Amino acid sequence: MTQTLRAGSKSIRLPILPHRSLTGTGLCLFLALQGVAMAVFAGLAAWCGGVFAPYFALLGWGVLAYVLSRVWRRSAVGEVITLNVSGLEVARMGGPGPSVRFHPGWVRVALLPGRHVGWASRLLLRSHGREVEVGRFLTEAERVQLARRLNEMLVVAKRQGMSD
């Protein structure tokens, strides 16, 4: 999480991004190496009499490639929280859903426990019966830190007169 404060424009921008250390090239390289390893073992199994091993290896590699590419694409989804004179806006990056705007004087930050025992907490921004969950992909400690940071941003906004 990073923060940018622009002195003249009274704008605070807080991008929230998930952890993503694997690049697209890294994913392709991993899948290629995994395919080579699977082909070698499937070839050995076929040579020893398992004639269907190459077909199952190909099927397994296809499922692995599909699942890993879906997870990799999903990890590109982030959020940008912008607080300025006109309001607090939560915009989704690379994911579904339109941006949501709240008046900074009325928005409340709520850190609720998970829906079930053992589930992660939920960080909600609420105002006038509307709510949006932010930081769903963060760890518990990062979510608590984000809640604290959002509360600080809103206090600063009220102090600087951004909510007028």
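The values are calculated or read from the model by the stated rules, or taken from the named source; none is laboratory data. In this text, all values refer to a predicted model and were calculated from it rather than measured experimentally. Neighbour counts are summed over all protein chains in view; Cβ atoms, including those assigned to glycine, are modelled from backbone coordinates with ideal geometry.
Scan (1) at pLDDT below 90; (2) in the same structural domain as Leu88 (by TED's automatic domain parsing) for the single condition Asp164 breaks and write down its number.
(2)
State the number of residues belonging to segment 78-96 that are at positive phi and surrounded by 16 or more Cβ atoms within 10 Å (Cβ to Cβ). I'd like the intermediate steps shown before the answer.
Residues of segment 78-96 that are at positive phi, as a first pass: 87, 94.
Filter once more, so that each one left must be surrounded by 16 or more Cβ atoms within 10 Å (Cβ to Cβ): 87.
The number of residues fulfilling the criteria is 1.
If you check Ala110 against the conditions, is it within 30 Å of Gly35 (Cα to Cα), at pLDDT 90 or above and not β-branched (Val, Ile, Thr)? Talk me through it step by step, then tell me what you get.
Working: within 30 Å of Gly35 (Cα to Cα): no; at pLDDT 90 or above: yes; not β-branched (Val, Ile, Thr): yes.
Taking the combined requirement at face value, the residue does not satisfy it.
Which of the residues belonging to segment 125-143 are loosely packed, with under 15 Cβ neighbours inside 10 Å and not charged (D, E, K, R)? First the steps, then the outcome.
Kept after step one, since they are loosely packed, with under 15 Cβ neighbours inside 10 Å, are these residues of segment 125-143: 126, 128-130, 133, 136, 139-141.
Those that are loosely packed, with under 15 Cβ neighbours inside 10 Å and not charged (D, E, K, R): His128, Gly129, Thr139, Ala141.
Do we have Ala53 as farther than 23 Å from Ile12 by Cβ, modelled with pLDDT of 85 or more and not β-branched (Val, Ile, Thr) here?
Details: farther than 23 Å from Ile12 by Cβ: yes; modelled with pLDDT of 85 or more: yes; not β-branched (Val, Ile, Thr): yes.
The answer is yes for Ala53.
Would you check which residues across segment 107-117 are of a type in the set (Gly, Ala, Ser) and part of a loop (DSSP other than H, G, I, E, B) and list them? Give the steps one after another, and end with the answer.
From segment 107-117, those of a type in the set (Gly, Ala, Ser) are 110, 114; that's our starting set.
Within segment 107-117, Gly114 is the sole residue that qualifies.
Among the residues that make up segment 135-157, is at least one of them in contact with a Pro (Cβ under 6 Å, 6 or more places away or on another chain), of a type outside the set (A, V, I, L, M, F, W, C) and assigned to a loop (DSSP other than H, G, I, E, B)?
For segment 135-157, residues in contact with a Pro (Cβ under 6 Å, 6 or more places away or on another chain), of a type outside the set (A, V, I, L, M, F, W, C) and assigned to a loop (DSSP other than H, G, I, E, B): absent.
What pairs come out if I take residues in segment 118-130 that are closer than 16 Å to Val90 by Cα and pair them with residues that are assigned to a loop (DSSP other than H, G, I, E, B) whose C-beta lies under 6 Å away, six or more apart or interchain?
Leu123/Gly135; Leu125/Val107; Ser127/Trp106; Ser127/Val107
Hey, Val51 hits all of (1) over 13 Å from Ile16 (Cβ atoms); (2) in contact (Cβ under 8 Å) with a residue 60 or more places away in the chain but one; which does it fall short on?
Just one mismatch for Val51, condition (2).
Can you go through Ala39, Ala91, Ala110 and tell me which one is aliphatic (A, V, I, L, M) and touching a Pro at 6+ places or on another chain (Cβ under 8 Å)? Give the steps one after another, and end with the answer.
On the way: Ala91 fails: touching a Pro at 6+ places or on another chain (Cβ under 8 Å); Ala110 fails: touching a Pro at 6+ places or on another chain (Cβ under 8 Å).
Checking each option against the conditions leaves just Ala39.
Being in contact with a strand residue (DSSP E or B) (Cβ under 9 Å, 6 or more places away or on another chain) and surrounded by 11 or more Cβ atoms within 10 Å (Cβ to Cβ) narrows it down to one of Ser75, Ser99, Ser69, so name that one.
Testing whether each residue is in contact with a strand residue (DSSP E or B) (Cβ under 9 Å, 6 or more places away or on another chain) and surrounded by 11 or more Cβ atoms within 10 Å (Cβ to Cβ) leaves just Ser99.
When you go through Val117, Val90 one by one, which is the residue that is at pLDDT 90 or above and assigned by TED's automatic domain parsing to the domain that holds Glu133? Steps first, please.
On the way: Val117 fails: at pLDDT 90 or above.
Step by step, each of Val117, Val90 is checked, and only Val90 is at pLDDT 90 or above and assigned by TED's automatic domain parsing to the domain that holds Glu133.
Let me spell it out: the conditions are (1) modelled with pLDDT of 90 or more; (2) surrounded by fewer than 12 Cβ atoms within 10 Å (Cβ to Cβ), and Ala39 meets all of them except one. Which number is the exception?
Going through the list (1) modelled with pLDDT of 90 or more; (2) surrounded by fewer than 12 Cβ atoms within 10 Å (Cβ to Cβ), Ala39 breaks only (2).
Can you pull out the residues in segment 94-105 that are under 23 Å from Val144 (Cβ atoms) and modelled with pLDDT of 85 or more?
If the condition is that a residue be under 23 Å from Val144 (Cβ atoms) and modelled with pLDDT of 85 or more, then Val100, Phe102 are the ones that fit.
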